[in-house]
Amino acid sequence: MRNQTACTCEEYIDGAIIKCNGPNGPLVVENLKKLNVDVRELVLENANIIEIGPRAFLGMRIKKLVLDNNKIKLIQKNAFRGLESILQELSIVGNRLTEVPIAALDGLNQLIGLNLRCNKIGNLTNVSFQNMPNLIEIHLGCNKICEISENAFRDVKQSVQNIILDNNCLTQMPSSALEEMNSLIALHIKYNHIEELREGGLRNLSSLSLLSLTGNHISHISPNFISNVPNLRYIYLGENQISKLESDAMKQFTASEIIDLSHNTMEQINADTFKGMENLQHLNLEANSIREVMPGAFATTPLLLLWLPHNCISSVSPNMFQGAPFLKQVSLANNNIRIVQPFSFAHLANLHTLDLSHNKMRSIQPSAIMGSDFLTVRVQENPLVCAQDGFHVMNGREAINLTTEPNLICKTDYENDYIDKCPRRPDPPPRKVCCDAGSDLLIKSK
């Protein structure tokens, strides 16, 4: 079967979609050249291609070209000659390129998307993308990029909207390379080796809306990390090493609507930490080591969703949510909560879902979970479910016992559980599939 090539062809008004898998793919290309056909998409996978020579596709009109999972080490200067005004998408994933094929890509003036994921591309030391005025997305994930020069994106600063640099070896933000990329909307630098968000790390990015830095080694955020980045709405900082948020560190993100700080090591949320963040709607603090939330920590925010599961909180008071009247959903599951003070949630008129499951409450006063008539409170796997009148869910003012619940807590020695240890934190979500640096095989990144 290894020597066989399977091809499929589907014809459409705007061109054929041709997909070939196997070593004879290049022969199919040679035959297609003679037909002078419009090709909406051409896929040549697992064809053992090592090099793409000059004018490899001359005479063809290809809008999308996929050369994934080959062994490509070299792409000659004029490899895409004839496609300059036609080719819109180019994918060379899972190959053996050690650098961006600058000369080969030069002049692809209709190219919108370029995917070079899973190669062996090293540092971007020169102007890497030339004469591609319509380029919108650059995917460079799963390579060996540790440094990016100031001029790497020089010629595409006004067009590129999405840059993906996940699973590389960057140790700091490529600030100079990104500065004044006024069309950039999303920046992904997950699973690199960044340790600090320094002053001026992101500058003059007027359109940037999403920043993903999940899975780095970040322990410090400078209060002046961003400068003139007025539209940053979505910030993902999960799976880092943030143990403390410096005063004013979060206030710079004034436009932010969603912030993910899950799977860090914070032990306390100080008063006014998020105060003044007038657009913050969703805050994820799951799987830290938070023992205390100081009064006013979320004051003056329009928070709608607050996630605090898998922390070390032992009690809840009305002051915890002081100044956050718009909350709709709150999760405090998998903590050490034994006490919920009366009226802790009574002032949250919009709250409709409260998760207190997997805590240590042996009893709870009705006033402790008093809220709106439509408030649903989950208390599964608390010791209180073991009582004769135990219940699992409070729906409005109705206590509901669910006969399908396993009540695993009742099989433990919960009556003698007086020592509070932080619950075991769950593993972070599995990473997306990446590629092994030593092979062409796709595996889960480590």
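The values are calculated or read from the model by the stated rules, or taken from the named source; none is laboratory data. This one's a predicted model, so the numbers in the text were calculated from it and none came from an experiment. As a convention, Cβ positions derive from the backbone with ideal geometry for all residues, glycine included, and neighbour counts pool all protein chains shown.
With respect to LEU170, determine if the residue is surrounded by 16 or more Cβ atoms within 10 Å (Cβ to Cβ) and in a loop (DSSP other than H, G, I, E, B). Here the answer is yes, as LEU170 does meet what is asked. Return a yes/no flag: does the stretch 208-226 have any residue that is of a type outside the set (A, V, I, L, M), in a loop (DSSP other than H, G, I, E, B), touching a helix residue (DSSP H, G or I) at 6+ places or on another chain (Cβ under 8 Å) and at positive phi. Among the residues of the stretch 208-226, not one is of a type outside the set (A, V, I, L, M), in a loop (DSSP other than H, G, I, E, B), touching a helix residue (DSSP H, G or I) at 6+ places or on another chain (Cβ under 8 Å) and at positive phi, which makes the answer no. The one condition from (1) buried (at least 19 other Cβ atoms within 10 Å of the Cβ); (2) modelled with pLDDT under 95 that LEU65 does not meet is (2).
Within the stretch 425-445, the residues that satisfy the criterion of being at pLDDT 50 or above and assigned to a loop (DSSP other than H, G, I, E, B) are ARG425, PRO426, ASP427, PRO428, PRO429, PRO430, ARG431, LYS432, ASP436. Is it the case that the stretch 282-293 has a residue that's surrounded by fewer than 21 Cβ atoms within 10 Å (Cβ to Cβ), outside the structural domain of THR376 (by TED's automatic domain parsing) and part of a loop (DSSP other than H, G, I, E, B)? Yes - at least one qualifying residue is present in the stretch 282-293.
For every residue, the table says whether it meets (1) part of a loop (DSSP other than H, G, I, E, B); (2) among the acidic types (Asp, Glu); (3) in the same structural domain as ASP106 (by TED's automatic domain parsing).
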| site | (1), (2), (3) |
| --- | --- |
| GLY141 | yes, no, yes |
| GLU150 | yes, yes, yes |
| SER159 | yes, no, yes |
| ILE163 | no, no, yes |
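Of the residues making up the stretch 264-323, those that are over 24 Å from the mean Cα position of the chain (by Cα) and of a type in the set (S, T, N, Q) number 8.
Residue check: is ALA186 within 18 Å of GLN130 (Cβ to Cβ) and aliphatic (A, V, I, L, M)?
Details: within 18 Å of GLN130 (Cβ to Cβ): no; aliphatic (A, V, I, L, M): yes.
Judged against the criteria, ALA186 is not a match.
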